[in-house]
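Take this structure first; my questions come after.
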Amino acid sequence: MAVKIILQLSLKQLQFLLLLLFLLSISATSLTFNFPGFYPSNASKIDFEGDASADGSLRLTKSARDTALNMSVGRATFCESFLLRQNSTGKLADFTSTFTFVIDSNNQTSYGDGMVFFLAPAGSELNKTLGAGNSLGLPVNSSLANFTMSSTQYEFVAIEFDIFCFGVESMDWGLSYPHMGIDINSVKSNITEAWSGGIMEGKQNNATISYNSSSKNLGVAFTTFANGVNGSEVQMMRNISFIVNLLQYLPDRVIVGFSASTGELFALHKIISWNFTSTPLD
């Protein structure tokens, strides 16, 4: 009898140990995925909200098939969260995300509003009311006079490609041109850089976003177009970086994805391909 009880305890302890090791391995495992396109075979890995959809590319706002393209907002996130910080050690993960995207005004000279790549708490959801217009799908009330106030719905860190040149943010910063910026809990960017994305022609652009947890450097490399010889446009790379301790703004477990919005002015916002990788927190 004693041997049987000891054996039962040992088996239960072994099962518990195996479960614990399994859970620890999940929490410490890096997140890696690659979408060369967005099709029925892989789109189930994306959580769609609002007007976001997939048809080979990841469409964040209403597409040309819809009758009205204005006042659209959408969000698309990878279906799994990842561990940004291991609570027991305080260690942060490094991550890199690369994507190809298009913002297309269909040859219109006036357009809006833009898109972002973002990190936000796991479990957060799109707020279609707050996210519309100049909010770029983020939970910020851009209709307020002091629209730069921090988000109260959930925290976020975002890389924006803002194409609306006639709104509140333009007056706030004196920006009269499309730009990219790094946003923390607000659509008032901490740092900006001019961006010419070939929006009227719907040209493809690339961006790589990387975070170094040791230096706390959030870096963005992105393509832009500039005038070349004989008036032709050439695509070139630009870089921008910002020192930020993500621990101050985000929880341990986060999701990654994109959001975009239109207001009275509009454009198509779509992601052509996307890959992401984070380092394990061993």
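The values are calculated or read from the model by the stated rules, or taken from the named source; none is laboratory data. The structure presented is a predicted model; accordingly, all values stated were derived computationally and were not measured. Positions of Cβ are generated from backbone atoms using ideal geometry, with glycine treated the same way; all protein chains shown enter the neighbour counts.
Any idea which of (1) on the phi < 0 side of the Ramachandran plot; (2) of a type in the set (Lys, Arg); (3) surrounded by fewer than 18 Cβ atoms within 10 Å (Cβ to Cβ) is the one residue 216 doesn't satisfy?
With respect to (1) on the phi < 0 side of the Ramachandran plot; (2) of a type in the set (Lys, Arg); (3) surrounded by fewer than 18 Cβ atoms within 10 Å (Cβ to Cβ), residue 216 is out only on (1).
Suppose the filter is surrounded by fewer than 22 Cβ atoms within 10 Å (Cβ to Cβ), modelled with pLDDT of 85 or more and out of contact with any helix residue (DSSP H, G or I) (no Cβ under 7 Å at 6 or more places or on another chain); does residue 146 pass it? Step through it out loud before you land on a result.
Values: surrounded by fewer than 22 Cβ atoms within 10 Å (Cβ to Cβ): yes; modelled with pLDDT of 85 or more: no; out of contact with any helix residue (DSSP H, G or I) (no Cβ under 7 Å at 6 or more places or on another chain): yes.
Answer is no for this residue.
Tell me, which residue of the range 156-167 that is under 16 Å from residue 224 (Cβ atoms) and modelled with pLDDT of 95 or more is surrounded by the most Cβ atoms within 10 Å (Cβ to Cβ)?
Here is the first cut: in the range 156-167, the ones under 16 Å from residue 224 (Cβ atoms) are 159-163, 165.
With modelled with pLDDT of 95 or more added as a condition, the list becomes 159-161.
Working: 159: 23, 160: 25, 161: 23.
Applying the filter and picking the extreme gives 160.
Output the residue which, of all residues in the range 48-81 that are basic (Lys, Arg) and modelled with pLDDT under 95, is nearest to the chain's Cα centre (by Cα).
Checked the range 48-81; the qualifying residue nearest to the chain's Cα centre (by Cα) is 62.
Picking from 215, 189, 196, which residue would you name as being part of a loop (DSSP other than H, G, I, E, B), touching a Gly at 6+ places or on another chain (Cβ under 8 Å) and free of Cβ contacts under 8 Å to residues at least 40 places away in the same chain? Before you say what the answer is, go through the steps one by one.
On the way: 215 fails: touching a Gly at 6+ places or on another chain (Cβ under 8 Å); 196 fails: touching a Gly at 6+ places or on another chain (Cβ under 8 Å).
Answer to the selection: 189.
Of the residues 170, 151, which single one is buried (at least 19 other Cβ atoms within 10 Å of the Cβ), modelled with pLDDT under 90 and of a type in the set (S, T, N, Q)?
Working: 170 fails: buried (at least 19 other Cβ atoms within 10 Å of the Cβ).
None of the others qualify; the one that does is 151.
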